[in-house]
Amino acid sequence: MTSRQLDLAGRWLRSFGEGFYTIGSAGHEGNAAVAAALRPTDPALLHYRSGAFYCVRAAQAAAAPTDTPHAEPAADREQAIDGKQATDQQQATDQQQATDQQPTADQQQVADRQPTADREQAVDGQPATDPDPATEPEPAGSAPSAGGFAPYAEAARDVLRGMVASSQEPIAGGRHKVFGRADLNVVPTTSTIASHLPRAVGMGLAVERLRRLDSAGRRTGTAARVGSGAGAAHAPWPSDAIVVCSFGDASVNHASATAAFNTAGWYDHAGLRIPVLFVCEDNGLGISVRSPQGWVEATLRARPGIRYFSADGADPVQTYAVATEAAAWVRRHRRPAVLHLRTIRLMGHAGADAESAYRSPAELAEDLARDPVVATARLLAEAGVASGEELLGRYDETGWQVRRLAEEVLGEPKLASAADVVAALAPRRPVRVARAVADAAARASGPGAAAREEAFGGKPPELAGPLTLAQSINAALADGMLDHPQMAVFGEDVAAKGGVYGVTKGLRDRFGAARVFDTLLDETSVLGLGLGAGLAGMLPVPEIQYLAYLHNAEDQLRGEAATMQFFSRGAFRNPMVVRVAGLAYQEGFGGHFHNDNSVAVLRDVPGLVVAVPARPDDAAPMLRTCLASAAVDGSVCVFLEPIALYHTRDLYADGDGEWLAGYAEPGAWVAGHVPVGRARVYQVGSADDLTIITFGNGVRMSLRAAAVLAEEGVGTRVVDLRWLAPLPVADIIRESSATGRVLVVDETRRSGGVGEGVIAALVDAGYVGAARRVAGVDSFVPLGPAARQVLVSAEAITDGARTLLAR
C-alpha cells in the first residue's frame, strides 16, 4: 500500500511542478514478497519499479536491531584498516545470525505451498544437491514487524525526497531519484537499460571469492581497506550473502543483460560459483513496445547454467513461496538463478504516458483485475485477518500519511550550487594518496621485505637493470599485489599467457589463479566483474586488451563506474584501475583495432582519471598512484598503456638504450611519487625558445624533434602531460608562459582530441603567446605503411616547430 500511495503522491507533486520523477511501481508490488524472502543483508540492485521491495527492506531493517548508521558522505571519514574490516565483518555475521527470524505460522503455511506447475525444477545437467554448500537454506528473511504505516515511514520519506530532488535524500542527496541506502544494502542503480546486471555478476563472483579467500593471506592492521569499505558507510556483506538484481522484461533484449547472463552461465559451466538471483519483473511492455507472448520465458529458460523459477506477481502467496525457494537454492548452491515474476503495469510507464494511445480498454481492464494490491486485500479478507472496510480504511490512512510526508519534504533544500552537485563525484585527497604510497614503501622495505624478495625470486626489479615500459608495469603490478591482499588482475589472456604483450607474465604463478585469472572474451563483462568486485571490497585491476575493444563497453565506465559515488555521496564506491593497451604506431601490425587513438570518450566521463605513462620510470609510480587513489578515494582510473612503447629500448639511435630506465627501490618511492594531474618536463638545450606539450608516443617523437632543433640552436622544453584527465593545467600554463611559443603534439585526432583541451586551458588562463597544433588526421588508422599518412611523426613535429618559430 505504501508503494502504491507513493506513486500517487509522485503524480500529485508533479501536477504543480514540485515533483520531478513519476515512473512508479504500480502493478509490481508483488516484489514485496521477494524482499520478504531475502535477508536484509543480501545486497540488492533494484529496478526502478521496486518501490514495494524497498519499503519491505526498510521495514526488515527497522525490525532487526542494528548498529549500522545511515549513509553519510565518505569524504570526511577516516579510512578503515584491514583489522577493522575483519571486526566489522564478524559483527555483521553475528548480527545476521541474531536477527534472522523463524517464519510465522502464516509464513510457514505459505512456504509449504507447492510451487507452480510451470516452474522449471532443474537445469539440465545440474546436480540436485551441492557437495559443498555454503550454508543451509532458510525459508525466509527477516519479516517486517506489524504496526501499520510506521515501519514503512522512513522508506516513504526516502522515496519522496528523491521525487522532489531534496538535498536531504539519504543516498543521492538530490542528484537523482534512486532506490538505495547503505544500511539497507540497497545499491543505487541508474541503469541505462540493464547496465547494472554485469555489476551484479561481478558482485556475486567477488562475494564468493572473498568468502573462500584464505584468511592467513590477509594483512591486518596495516594496509588500507579497499572497496566500498574504504571510507564507505556500510559493513561488508555476510559470507553467505547472495546478490539480488531486478530488471524489466524489455531489458532481457539488451546487450548488457545478454552479457551478464552469458557470463554467469559461462562461469557456472566452468565450475565457479556466482550466488546471484536475477529477478525479471515482466509486465509485457517496454514503454509501448510489447514483449512477444512467451518470448521472455523462452529467453530466460534457455540460459545455460542459470536455474529458472517462475511466479505470478499478482499472487503474493505464490510469489513468496517461489522467491523463498529460489533464494534458498542460490544461497545453498552458490549458483545463479532467475526468478521470472509476471506482473502488470498500472498507471502507464510514467506520468506523461497516455496508455490509451497503444493499449485497448479491454487490456487495461484486464490488468486492473489483476492488481496485486487488491489481490493481497482479498487474501487478507478471505483469511479473516481484516474486513474490507478495515483494509480500505488502512489504505486511506496510508495515503494520508504519505501525503503528509510529501508536504513536509517540499520545503527541504535543493542542491544550490555546482560545487554542491559535484562534491560527491570524485573526491581527491592527494595528501592521503601520497601517504598511502609512503606506507606501501615502508611495508615493502620493512615487514614485507622478505615476502617481496621471495615473490621476485630473490631478484627484485630494482636490481634487474634498466627495464622497458612493459617490464616496469609488470613489476609495479607485482608490488601492488604484494601490498593489496584483495587486489586481483584479470582480463582476456592475462593469466596463462601473461598478456598478449607479456605485461602480466608470471603474475599468476606468483599470486595464484584466484587473484590473476583469465576472463571470457567480452569487455562489458570484464568491466562488470571489476565493478562488482570493487563494490564487494576488492581492488580490481581489469585489463582491456585493446583500446578499440573498450568502445562497445564504455557505458560500464560512464553509466556505472563513474556514477556510483555521485549517486551515493560516497556511501558506495567501486575502486578500479582499468589497464588498457592502446594508441597507435605498432610497426608491422595493426589496422584500426590494434592501433586505436580515440580517447575522447574517456576524457568526457566526469570524475574518471586517465593516465598515460610514456617512460618506464613514470609507469611504475603512476600505477602506484592509481592503486593508492582507488584504495583511498575510491577512484576509477584508466591506465592507458602505449603499445608501441611497451618494448621500446632506444630513443635517438639504435642501441642507445635511452628509453630504458631503472626501477626505483621502495626507499625511493616517496621521492618519486607522481601525483594525479602533474606533468613531467624535459629541458633540451636552453629550453627558452619553445614549449612542446604532448603525451604517450608523442613524448618520444617530441624529444627526437627537440634534439634536431637543438642542433639549429633552438632550446625546447618538452612537457609530458602524463594525465589526460584531469589535465595538469597548472603545469601547462607555467611551461607555456616560460617560452611564449607552444606546439601541442596530439597523437589522437584533430577533432575531439586531447589537443583541444590543452588549447582551451591556455585560452581560459589568458595565455597570449603563439600556439599551434600538430595532430592526427580525423581518420581511422589504416593497415600498413598507409598509417603514416594519418599519424603524427617526428618530422611533422619538427616542421611545425619551425613554422611556429618563424612567426
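Computed quantities for the displayed model
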{"item": "Residues located in the range 684-712, provided they are out of contact with any Gly (no Cβ under 8 Å at 6 or more places or on another chain) and surrounded by fewer than 22 Cβ atoms within 10 Å (Cβ to Cβ)", "result": "Arg704, Ala707, Val708, Glu711, Glu712"}
{"item": "Inter-residue pairs, beta-carbon under 7 Å, first among the small types (Gly, Ala, Ser) and in the range 1-18, second open to solvent by 60 Å² or more (accessible area, probe 1.4 Å), 6+ apart", "result": "Ala9/Arg403"}
{"item": "Residue within the range 503-515 that is open to solvent by 10 Å² or more (accessible area, probe 1.4 Å) and polar (S, T, N, Q) present", "result": "no"}
{"item": "Enumeration of residues in the range 782-807 that are at pLDDT below 95, farther than 23 Å from Ser751 by Cβ and within 43 Å of the chain's Cα centre (by Cα)", "result": "Gly784, Pro785"}
{"item": "Residue that is part of a helix (DSSP H, G or I), open to solvent by 20 Å² or more (accessible area, probe 1.4 Å) and under 30 Å from Val670 (Cα atoms), where the choices are Val431, Val421", "result": "Val431"}
{"item": "Residue identified as more than 19 Å from Thr504 (Cα to Cα) and of a type in the set (Asp, Glu) among Asp479, Asp439", "result": "Asp439"}
{"item": "Criterion (open to solvent by 70 Å² or more (accessible area, probe 1.4 Å), out of contact with any helix residue (DSSP H, G or I) (no Cβ under 6 Å at 6 or more places or on another chain) and assigned to a loop (DSSP other than H, G, I, E, B)) met by exactly one of Val763, Val768", "result": "Val768"}
{"item": "Yes/no for Arg219 being farther than 20 Å from Gly570 by Cα, modelled with pLDDT under 95 and part of a helix (DSSP H, G or I)", "result": "no"}
{"item": "Pairs where the first residue, in the range 689-713, is within 16 Å of Ala644 (Cα to Cα) and aromatic (Phe, Trp, Tyr) and the second is assigned to a loop (DSSP other than H, G, I, E, B) and modelled with pLDDT of 95 or more, C-beta under 8 Å, 6+ apart", "result": "Phe695/Val612; Phe695/Ala614; Phe695/Leu721; Phe695/Arg722"}
{"item": "Scan of the range 531-578 for residues that are more than 24 Å from His254 (Cβ to Cβ), small (Gly, Ala, Ser) and open to solvent by 10 Å² or more (accessible area, probe 1.4 Å), ordered by number", "result": "none"}
{"item": "Top-ranked residue of the range 11-38 - restricted to ones that are surrounded by fewer than 24 Cβ atoms within 10 Å (Cβ to Cβ) and within 27 Å of the chain's Cα centre (by Cα), ranked as nearest to Gly204 (Cα to Cα)", "result": "Ile23"}
{"item": "Number of positions in the range 652-676 that are open to solvent by 50 Å² or more (accessible area, probe 1.4 Å), over 17 Å from Ala442 (Cα atoms) and aliphatic (A, V, I, L, M)", "result": "1"}
{"item": "Qualifying residue in the range 529-539 (condition: more than 20 Å from Cys637 (Cα to Cα) and out of contact with any strand residue (DSSP E or B) (no Cβ under 9 Å at 6 or more places or on another chain))", "result": "no"}
{"item": "Any hit, the range 732-743, residues being under 35 Å from the mean Cα position of the chain (by Cα) and assigned to a helix (DSSP H, G or I)", "result": "yes"}
{"item": "Residues satisfying the stated conditions in the range 785-801, i.e. without any contact (Cβ under 8 Å) to a residue 40 or more places away in the chain and among the small types (Gly, Ala, Ser)", "result": "Ala786, Ala796"}
{"item": "Among (1) modelled with pLDDT of 95 or more; (2) farther than 30 Å from Phe179 by Cα; (3) in contact with a strand residue (DSSP E or B) (Cβ under 6 Å, 6 or more places away or on another chain); (4) open to solvent by less than 10 Å² (accessible area, probe 1.4 Å), the one test that Asp617 misses", "result": "(4)"}
{"item": "Number of the condition not met by Ala730 [criteria: (1) surrounded by 15 or more Cβ atoms within 10 Å (Cβ to Cβ); (2) under 27 Å from Ser686 (Cβ atoms)]", "result": "(1)"}
{"item": "Residues of the range 557-609 that turn out to be within 28 Å of Leu645 (Cα to Cα) and in contact with a Ser or Thr (Cβ under 6 Å, 6 or more places away or on another chain), as a count", "result": "3"}
{"item": "Candidate set: the range 664-721, residues that are in a loop (DSSP other than H, G, I, E, B), out of contact with any Leu (no Cβ under 8 Å at 6 or more places or on another chain) and charged (D, E, K, R); chosen: the one nearest to Pro613 (Cα to Cα)", "result": "Arg678"}
{"item": "Hits in the range 316-355 - residues which are without any contact (Cβ under 8 Å) to a residue 40 or more places away in the chain and at positive phi", "result": "Gly348"}
{"item": "Filtered residue count, the range 356-414, keeping only those that are of a type outside the set (D, E, K, R), under 39 Å from the mean Cα position of the chain (by Cα) and not in a helix (DSSP H, G or I)", "result": "3"}
{"item": "Set Arg209, Arg199: member being open to solvent by 20 Å² or more (accessible area, probe 1.4 Å) and in contact (Cβ under 8 Å) with a residue 24 or more places away in the chain", "result": "Arg209"}
{"item": "Qualifying residue in the range 579-590 (condition: assigned to a helix (DSSP H, G or I), touching a strand residue (DSSP E or B) at 6+ places or on another chain (Cβ under 9 Å) and either modelled with pLDDT under 95 or buried (at least 24 other Cβ atoms within 10 Å of the Cβ) (or both))", "result": "no"}
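Okay, residues lined up against (1) outside any helix (DSSP H, G or I); (2) open to solvent by 20 Å² or more (accessible area, probe 1.4 Å); (3) more than 14 Å from Ala706 (Cβ to Cβ):
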| site | (1), (2), (3) |
| --- | --- |
| Val781 | yes, no, yes |
| Pro785 | no, yes, yes |
| Ile797 | no, no, no |
| Gly800 | no, no, no |
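Residue-by-condition table, conditions (1) at pLDDT below 95; (2) of a type outside the set (A, V, I, L, M, F, W, C):
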position: Met538; (1), (2): yes, no
position: Pro542; (1), (2): no, yes
position: Leu550; (1), (2): yes, no
position: Thr563; (1), (2): yes, yes
position: Gly570; (1), (2): yes, yes
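The values are calculated or read from the model by the stated rules, or taken from the named source; none is laboratory data. As the structure is a prediction and not an experimental result, all values here were calculated from the model. No Cβ is skipped: glycine too gets one built from the backbone with ideal geometry, and neighbour counts run over all protein chains shown. Heavy atoms of the whole protein, side chains included, go into the accessibility calculation; ligands, DNA and RNA do not. Shrake-Rupley method; radii C 1.70, N 1.55, O 1.52, S 1.80 Å.
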